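Student: The structure's right below; bear with me while I get my questions together.
Please treat every number below as a calculation from the coordinates, not as lab data. On a predicted model such as this, the values are computed, not experimentally measured, just so you know. Here the Cβ positions follow ideal geometry from the backbone for every residue, glycine too, while neighbour counts run over all protein chains shown.
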Number of protein chains: 2
Amino acid sequence: MTAHPDFSKGDGLLPAIAQDAETGQVLMMAYMNREAWEKTVETGTVHYWSRSRRKLWLKGETSGHVQKVVDILVDCDLDTILVKVHQLGGAACHEGYKSCFFRRLKDGAFEITEDKVFDPEEVYKK
Amino acid sequence: MTAHPDFSKGDGLLPAIAQDAETGQVLMMAYMNREAWEKTVETGTVHYWSRSRRKLWLKGETSGHVQKVVDILVDCDLDTILVKVHQLGGAACHEGYKSCFFRRLKDGAFEITEDKVFDPEEVYKK
């Protein structure tokens, strides 16, 4: 059986950080349950557990911006996952930015640090 | 008033990822409440909320391995924090490794990817 983090913690839902394997940029953080972990390991494409939709979530299923696994790491307590990925489409954030962390604190306010890679209205056609 | 993430989410406790500002290595993930956020912003030294000890936690208070803030970012949903830090002592993990993410999945098992920077028994004298 494949090694796995400790899903007895966090009510079975562990934080998973996605990091761009090429640039080191932290792209997003979401959650994995055991099923999402196994799907990610098996398929080499990152799956999370969507807390809002309460279902397995293949990241990029709508946008096509899937994340291909380069490396999977776990932390000392076996309760946080770090996935180094190759981000297809160049952007992880549903708002069109490369990283979900596109705002930084500067002089007491949040400023936007990067340009959008895509237009969400084009990608997520309603 | 300084901008802040949305502490009405996650029962007031938001995940905070620490990343080495120089190398881009993800060092650890812990949690911040509003008090920890404010202390971090005010002092320029990273504070978390210790869930196990249920108290404000100045990272490095015992080991001296404090984290100096270089940049603070928040994600699109304002419920995850990314702190780029200068890690004093060269190691973030209480087990003596530079990063808490010192194990990676390889051929179905976890393998250790880096050497210890310090001996925990020396640093946390009991």
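Student: With charges only on Cβ, +1 for K and R and -1 for D and E, what is the dipole size of the protein assembly as shown about its Cα centre, in debye, rounded to 20?
Tutor: Magnitude of the dipole: close to 560 debye.
Student: I've got another one for you. So, with +1 on the Cβ of K and R and -1 on the Cβ of D and E, and no other charges, what is the size of the charge dipole of chain B about its Cα centre, to the nearest 20 debye?
Tutor: In debye, rounded to 20, chain B gives about 400.
Student: Under 21 Å Cα to Cα from B:LYS59, which lysines show up? Leave out anything in the same chain fewer than 8 places away.
Tutor: B:LYS39, B:LYS68, B:LYS84, B:LYS98, B:LYS116, B:LYS125, B:LYS126
Student: Using only Cα atoms, locate the centre of segment B:5-28 and the centre of segment A:13-34, then give the distance between them in Å, rounded to an integer.
Tutor: 12
Student: If we hang a label 7 Å off Cα along the beta carbon direction at B:LYS125, how far is it from the matching labels on the other copies, in nm, shortest first?
Tutor: Reported distances to equivalent positions: 6.9 nm.
Student: What are the distances, in nm and sorted shortest first, from the label point of A:LYS68 to the label points of the same position in each other copy, with each label point placed 7 Å from Cα along the Cα-to-Cβ direction?
Tutor: Shortest to longest, the spacings are 4.0 nm.
Student: Across peptide B:16-27, how many C-beta atoms of other chains are within 10 Å of each residue C-beta, on average?
Tutor: 3
Student: May I ask which residue of chain B has the beta-carbon nearest to the axis carrying chain B onto chain A, and at what distance in whole Å?
Tutor: Nearest-to-axis residue on chain B, with distance in whole Å, is B:GLY24, 1.
Student: Tell me, what does the Kirkwood hydrodynamic radius of segment B:12-116 come to in angstroms if you use every pair of distinct C-alpha atoms?
Tutor: Kirkwood radius, segment B:12-116: 14.1 Å.
Student: I want the local charge near A:ASN33. Using Cβ-Cβ distances under 11 Å, sum +1 for each Lys or Arg and -1 for each Asp or Glu among the other residues.
Tutor: Residues near A:ASN33 contribute +2 overall.
Student: Next question. By how many degrees, between 0 and 90 and to the nearest 10, does the Cα long axis of helix B:34-43 differ from the longest principal axis of chain B?
Tutor: Approximately 80 degrees, to the nearest ten.
Student: Put the label 7 Å from Cα along Cα→Cβ for B:GLU111; what are its distances to the other copies, in nanometres, shortest first?
Tutor: 4.4
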